[in-house]
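Contents: one structure, followed by commentary.
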Amino acid sequence: MSEKTYVKRYSALARANHWVTAISLVLLALSGMALFHPSLYFLTGLFGGGANVREFHPWIGLVLAISFLGLFVRFWKLNLWERNDNVWLARLRSVLAGREEDLPEMGKYNAGQKMVFWLMSILIIALFFSGVVLWDAKHEWMATTLGLTFTIEQSRIAVLVHAIAAVIAIVVWIVHVYAAIWVKGTLSAMVKGEVTGGWGWRHHRRWLREEVGKTAKGNPPAE
Ligand code: HEM
């Protein structure tokens, strides 16, 4: 049997950044659902009671916002839309059937991954700003230190925006995790930081060509 070759996909720092983001989103979803509806109040048990959830949720939100900003700065350029992404989308049937030979060669990310990236970016901005309006602490230091006060009308809009953005973010998150598991060998990118050459050839051939070209020239592999 031939030896597998491995290609670096993420640095340790990029992976740590990703997993802080992932863990904070899961904690936010659980604590947010606990606050959302009485039927989900039992979830407060995970955080040691309702008062804790109320206190922790916004702070975890701050961690998510800062951490996602890190991912955004790292990856926004690689997620810019290209003409080939339209072709990939138009051939979604081939994507779902695993007929990758019908698809154009992809760079580091395909159109589906790029859509997850931009949707999450928009949703986290919406969650962050609506969350700031809703943060109870606004009655104290937000008003005195930051001079931030909000009207009841603004709070009402914020509740709506926050809830809608949260539901969409959870759906996008499920799609992201499903895709990461469904495309075999992808999880290893975020766990070990590397993928097999075969995975790169099959799913992100242009990226693989570029990486191989870089190492051949003696340059370090990309982020
Ligand atoms: C806990 C569940 C999660 C799992 C199992 C997971 C898994 C993965 C995997 C395997 C990759 C590598 C994909 C590749 O290199 O082709 C990845 C990339 C990425 N993930 Fe996650 N992830 C999770 C949660 C999240 C969350 C909550 C966010 C953001 C809010 C997120 C944002 C990203 C981003 C931005 C990338 C880089 C891809 C891009 O920029 O388009 N992930 N994830």
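Just the Kirkwood number for the stretch 81-196, please: inverse of mean 1/r across all distinct Cα pairs, in Å, one decimal.
Hydrodynamic radius (Kirkwood, Cα only) of the stretch 81-196 equals 17.1 Å.
For the stretch 67-194, with only Lys/Arg (+1) and Asp/Glu (-1) charged at the beta-carbon, what is the dipole magnitude about the Cα centre, in debye rounded to 20?
For the stretch 67-194, the charge dipole is close to 180 debye.
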Hull volume per residue for the chain, using the convex hull of the C-alpha atoms, in Å³ is 174
Any chance you could list P(r) for the stretch 1-52, counting all Cα-Cα pairs in 5 angstrom bins from zero, rounded to whole %? 4, 18, 16, 12, 10, 10, 9, 7, 6, 5, 3, 1
Once the mean 1/r over all distinct Cα pairs of the stretch 60-148 is inverted, what Kirkwood radius in angstroms do you read off? 15.6
Viscosity 1.567 mPa s, temperature 4 °C: Stokes-Einstein D of the stretch 1-98 from its Kirkwood Cα radius, in µm² per second? 77
Sorting 87, 125, 63 by the position of each Cα along the dipole of the stretch 22-138 (Lys, Arg +1; Asp, Glu -1; all at Cβ), the one nearest the positive end of that ordering is 125
Taking a 23 Å limit on the Cα-Cα distance, which of the listed pairs 4/77; 4/108; 4/114 fall beyond it? 4/77; 4/114
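What number, in nm² with one decimal, is the all-direction average of the projected area of the convex hull of the alpha-carbon atoms of the stretch 23-71?
That works out to 3.1 nm², a quarter of the Cα hull's surface.
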Mean Cα-pair separation over length for the chain, i.e. relative contact order, pairs under 8 Å, 6 or more apart, %: 30
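Sort the stretch 44-95 into rounded, prolate or oblate with this rule: let a ≥ b ≥ c be the square roots of the eigenvalues of the Cα gyration tensor; rounded if a/c is under 1.5, and if a/c is not under 1.5, prolate when a/b is larger than b/c, oblate otherwise.
It comes out oblate by the Cα gyration axes.
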Could you rank the peptides 120-130, 31-41 by their average count of other C-beta atoms within 10 Å per residue, with the highest value first? 120-130, 31-41
The distance between the Cα centres of the stretch 150-222 and the stretch 63-128, in whole Å, is 7
Can you check what the net charge comes to around residue 186, using other residues whose Cβ is under 14 Å from the Cβ of residue 186 (Lys, Arg +1; Asp, Glu -1)? +4
Which three lengths, in whole Å and largest first, does the stretch 143-223 cover when its Cα atoms are put on their principal axes? 60, 31, 21
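Any read-out appearing in this document is the output of simple, stated calculations on the displayed coordinates, not a laboratory observation. This is a predicted model, so every value here is computed, not measured. Note that each Cβ is placed from the backbone with ideal geometry, even for glycine, and that neighbours are counted across all protein chains shown.
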